[in-house]
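One structure is given below, encoded as structure tokens.
Taken together, the values in this text are just the output of simple stated rules run on the coordinates, not laboratory data. All figures in this text were calculated on a predicted structure; none of them were measured in a lab. Cβ placement follows ideal geometry from the backbone for every residue including glycine, while neighbour counts extend to all protein chains displayed.
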Amino acid sequence: MATHGVALADGPPRLAETLTLMRALWGNDIGEFIGDFVSVEPSWSWPKPAAPGGPPVHLGARAGDPVFADIAAWGDGWMPIEGYGPIVEAIPRLRHAFEAAGRDPDDAQVTVYSSAGRSHDIERYQAAGVKRVVCWLPPIAERGLMANLDELTTRLEPYKRVAGG
């Protein structure tokens, strides 16, 4: 952040303002926002996101009560950057932060990244309340990548969810 002239302590309020500005543009024909860090005069911004209010905003961070309070105040979910155990142990704290902010704890979304998409990992995440697991593929040649994708698709078929369902 320092290379961009942003003090570490200003990161969360700057991000909150930027998100508020974006939501003003996403949700209004003419959006405007005046803040301490970012501002935009009345402006048009098209095209609008398909989802009312714009896309869900997930904060990538390590588990922590201040981070969870920020997510509950102006975000929609958490993208953990740590291992399985700390993620599962932290989910109740995230839900509590949503409740403390006057939001439904069931609205606290968690998106986990997995390098393998192993069934036992996905089942444990599901049991902990994680609704979205994103699996990444290795950077390999197309032939191997397609085989890897086919195998991953077959393995994950039981967990497939239709959007909105």
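Summing -39500 (n - 2.57) over the DSSP H runs of n ≥ 4 in the chain and dividing by its residue number, what mean residue ellipticity at 222 nm do you reach, to the nearest 500 deg cm²/dmol?
Values: 5 runs with 68 residues, N = 165.
Taken over the chain, the calculation gives -13000 deg cm²/dmol.
So, counting K/R as plus one and D/E as minus one, what does the shell of residues with Cβ under 15 Å around residue 103 add up to?
Here the count lands on -4.
Where both partners of a DSSP beta bridge lie in the chain, what percent of those bridges are antiparallel, to the nearest 5? Before the final figure, lay out the partial values.
Working: 3 of 13 bridges.
Around 25 percent of the beta bridges assigned by DSSP in the chain are antiparallel ones.
State, to one decimal in nm, how far the label point of residue 3 lies from the label point of residue 143, with both points 7 Å from Cα in the Cβ direction.
3.8 nm
By how many degrees, 0 to 90 and rounded to 10, does the Cα axis of helix 65-74 deviate from the longest principal axis of the chain?
Value to nearest ten degrees: 70.
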